[in-house]
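Here's the structure we're looking at; comments come further down.
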Amino acid sequence: MQQMKKPKKPLIFYYCIGLLIMFVLNAVVFPQYIRGQIEEVDYGTFLTMLEEKNVSMAQMEKDYIYFADNNEEEPSYYSTVAFNDPELVDRLKASGCKFGKVKEKETSVFSTVFSIILQVAVFVLIGQLLSRILMKRMGSGMGNAMSFGKSNAKIYVASETGIKFTDVAGEDEAKEQLQEIVDFLHNPEKYQEIGAVMPKGALLVGPPGTGKTLLAKAVAGEAEVPFFSISGSEFVEMFVGMGAAKVRDLFKQANDKAPCIVFIDEIDTIGKKRDSGGVGGNDEREQTLNQLLTEMDGFDGSKGVVILAATNRPETLDPALLRPGRFDRRVPVELPDLAGREDILKVHAKKVKLGDSIDFNAIARAAAGTSGAELANIINEAALRAVRSGRAYVVQEDLEESIEVVLAGYQKKNAILSDKEKLIVSYHEIGHALVAALQTNSAPVTKITIIPRTSGALGYTMQVEERDQHLMNQEELENKIATYAGGRAAEELIFGSVTTGASNDIEQMTKLARAMITRYGMSDEFGMMALETVNNQYMGGDTSLACAAETAAAVDEKVKVLLKTQYKKAMELLQGQKQKLHELAKYLYEKETITGEEFMKILQESAEDR
Ligand code: ADP
Ligand code: MG
Ligand code: ZN
């Protein structure tokens, strides 16, 4: 959402303005002798001028004497009477000039009062300005002590965001559900006639970068009603009770503006489960959550206040938030499928200049498992790469390379592998690729490279599924584990020693093997017993054991056996094709990057030779 914000001026700017105003007022409204404006001369000069009868008038004030020459009436010089000159009066008399004490300027009552009022006004103005600036700077911290419990939810009106549902690609189910809410806000009678009540709240859940915030903005763009947008973290306050006050204020504003939409992004920051007992519970957060629950119950759904919220950690939310009458509609915003990825690429590709014959489908297939945000990033990286290579448009190759950039990091230009290392990496990668190719039911290899990446990978083998896979059977999973093992197996087979290069493979294959046993029910011993629960479905997916310690030990044993079996399988496959392994590794070593076709060609050639 574009909200024009004036650039912040430094604090000193306001100080200067204040000072300037005071200065001008002092000079204009209360003209006094500003010594800087008239010339200072020393006392001796004054006496000389006096003796020469050049002084036309003189005025005395404490240690100063102001005087003028050339018959002027206003003083244009001043001098300090450095010592008490007892003859001063006599000298003045002798020179025949007019003299007296400093004239009081027209001090009418009016001007005195006026001056006081003005000065006070200036002070108040500066004070207010400063306090406002300070409050802005301190954000939700101390500053809010002055505006207790004001929610600073931004209000957006339809025309302002400019984002429409068409800007969100894929996610059709989510769009459909939100469309209904928009429709309700536009013609509530249609729903009321039949007696349907809109859900009070809808919760967008899904992994990061899938477009939850974007969808909410699109709702704001489509619904021609006020849209309050606030992030959960903005409720988190320094003082107890303040977050709750903010919630109250937000809902008060929303009620006044109904029909309207309230969007709370990252609601997990305030909506975490309230835990019973335990010392030092987060009072402030709980109060805020309680207030939110109360407010959601409090308002009348038919009035047309719809609450949207987004989170990527739905499992941490307090169950009270999810019960009917609150966020009773749950809108999943999952990672896009193949068609979705293609659409998202196309939406973002509109923003860049493209060459002819771009195959978005191929890019979408290669970018399996990426989120919308990553896809947007792929397009941008491709455009940057096009500029770097001096082209005015993006070509297929830019897109292909940028997938790797986004998934694996930039090519590490200055990472110099020794020849020996390069050779080991070549065998390692070909090991993966060969094992994958020699098994049935594993995704075809599309690219193998041994160019190091900034992510730390020294090389990698890219496999691309023909289509999205929603189900995997036990054999496919085992093949996948064997493919992971292929790298290390090749190293051992050829060099007789192993390297650290397989650390990531080890991590991945262990995760997979463990999941097969504890979550997918793919072991004879435990059968369909759930042994682990996923804590963070969308954020890394870490798990915690849900079984006795002995069972855990038995699980570890099972995982070990499974991994060993698959490693052995990979080893045997490679042993059977040792000749091809050498041939392909040599080829990769020389070319550094080879395509899936090149790989398959060599593999099949040598097969025919036999
Ligand atoms: P989330 O809130 O789910 O973490 P965002 O809505 O902030 O993700 O998405 C980040 C960016 O990714 C968006 O601004 C948009 O450029 C891009 N993006 C994500 N999903 C989509 C989508 N379905 N269609 C188009 N662009 C998307
Ligand atoms: Mg977001
Ligand atoms: Zn590997």
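The values are calculated or read from the model by the stated rules, or taken from the named source; none is laboratory data. Computed from a predicted structure; not experimentally measured. Note: ideal-geometry Cβ built from the backbone for every residue, glycine included; neighbour counts use all protein chains shown. To get the accessible areas, we keep the full protein, side chains included, count just its heavy atoms, and leave off ligands, DNA and RNA. Shrake-Rupley method; radii C 1.70, N 1.55, O 1.52, S 1.80 Å.
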Taking 474-480, 501-507, 110-116, 268-274 and ranking on average Cβ neighbours within 10 Å, highest first, one gets 268-274, 474-480, 501-507, 110-116
In whole angstrom, the spacing between the Cα centers of region 113-134 and region 164-229 equals 47
Per-residue accessible area, 1.4 Å probe, largest first, puts CYS260, CYS16 in the order CYS16, CYS260
In whole percent, the fraction of accessible protein surface over region 44-83 that belongs to carbon or sulfur atoms, probe radius 1.4 Å, stands at 46
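Relative contact order of region 414-568, please, whole-number percent, based on alpha carbon pairs below 8 angstrom and at least 6 residues apart.
19
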Rounded to the nearest 10 degrees, the helix 503-518 long axis (Cα) sits at an angle to the longest Cα principal axis of the chain of 70
Counting only protein heavy atoms and rolling a 1.4 Å probe, one gets per residue an accessible area for the chain in Å² of 54
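Looking at the chain, send over the antiparallel percent of its DSSP beta bridges, to the nearest 5.
Taking every DSSP beta bridge within the chain, about 50 percent pair in antiparallel fashion.
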For region 461-576, the percent of all C-alpha pairs falling in each 10 Å bin, from 0 up to the bin holding the max distance, is 13, 40, 34, 13, 1
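Could you give the length gained by full extension between GLU39 and VAL122, i.e. 0.36 nm per residue of separation minus their alpha carbon distance, to one decimal place?
26.8 nm
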Rounded to a whole %, the carbon-and-sulfur portion of the accessible area of region 172-242 at a 1.4 Å probe is 52
Computed over the Cα atoms of the chain, the Rg and Dmax in Å are 39.2, 134
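Would you rank HIS432, HIS348, HIS470 by solvent-accessible area, highest first, keeping every protein chain in place and using a 1.4 Å probe?
HIS470, HIS348, HIS432
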The size of the Cβ-based charge dipole (Lys, Arg +1; Asp, Glu -1) of the chain about the Cα centre, to the nearest 20 debye, is 500
Most packed first (mean Cβ within 10 Å per residue), the peptides 365-375, 583-593 order as 365-375, 583-593
When the charge dipole of the chain is computed with +1 at the Cβ of Lys and Arg and -1 at the Cβ of Asp and Glu, the Cα pointing farthest to the positive end, of SER233, TYR427, LEU588, is that of SER233
Projected convex hull area of region 202-324, Cα atoms, direction-averaged, in nm², equals 7.7
Surpassing 30 Å at the alpha-carbon level, of the pairs LYS353/LYS422; LYS217/LYS412; LYS212/LYS257; LYS190/LYS212, are LYS353/LYS422; LYS217/LYS412
For region 358-404, the accessible surface attributable to carbon and sulfur atoms (probe 1.4 angstrom, ligands and nucleic acids excluded) amounts in percent to 51
The answer for the net charge of residues other than GLU557 whose Cβ lies under 15 angstrom from its Cβ, with Lys and Arg +1 and Asp and Glu -1, is 0
